[in-house]
Ligand code: FES
């Protein structure tokens, strides 16, 4: 083997070793970043029962917006962690809760008691009182939440993180 060929081989070897070490360093640096970015997708979203108030705060047949803090895992969420449901008392101890967000693109819907409809101000989506779609672009009914009476007189809703609720609502 001539010195030129030896040099070429050594240069090629060093080049490959350098490339491999660079790839390894990039992988070591990027693993925590990728894990951080994917962590919301990898963790099952926490669901928590949130208190909405006394049963007697709500009149049978009425649908009202009730605010609560969603169980966001992000400590810096601040005001964005404040959300709400449309809560309807349907009997002495029976309640129905609908998500606030339209299933089209997530705008908050409004309840119109005179018309018995939920209206979305963004693109004219309309939902019947049971949350099913009456018209407009929404592809699915409003999201429904489980409701329970805790103890003898506290209404509670089974929540999801806001991000989960919006993605569920908008598809
Ligand atoms: S976001 Fe409600 S109709 Fe488009």
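The values are calculated or read from the model by the stated rules, or taken from the named source; none is laboratory data. All values derive from a computational prediction rather than experimental measurement. Ideal geometry is used to build each Cβ from the backbone, glycine not excepted, and the neighbour counts take in all protein chains shown.
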- Filter segment 85-105 for residues that are in a loop (DSSP other than H, G, I, E, B) and surrounded by fewer than 22 Cβ atoms within 10 Å (Cβ to Cβ); the one that is nearest to the chain's Cα centre (by Cα) is 105
- residue 24 being modelled with pLDDT of 75 or more, over 30 Å from residue 69 (Cβ atoms) and more than 23 Å from the chain's Cα centre (by Cα): yes
- Inter-residue pairs, beta-carbon under 6 Å, first in contact (Cβ under 8 Å) with a residue 24 or more places away in the chain and closer than 16 Å to residue 65 by Cα and in segment 106-124, second part of a strand (DSSP E or B) and within 13 Å of the ligand (Cβ to nearest atom), 6+ apart: 109/118; 111/118; 118/127
- Task: Could you tell me which residue of segment 108-123 is farthest from the ligand (Cβ to nearest atom), considering only residues that are buried (at least 17 other Cβ atoms within 10 Å of the Cβ) and not in a strand (DSSP E or B)?
- Result: 109
- Query: Any idea which residue in segment 124-133 is farthest from the ligand (Cβ to nearest atom), counting only those that are buried (at least 19 other Cβ atoms within 10 Å of the Cβ) and closer than 24 Å to residue 155 by Cβ?
  - Reply: 131
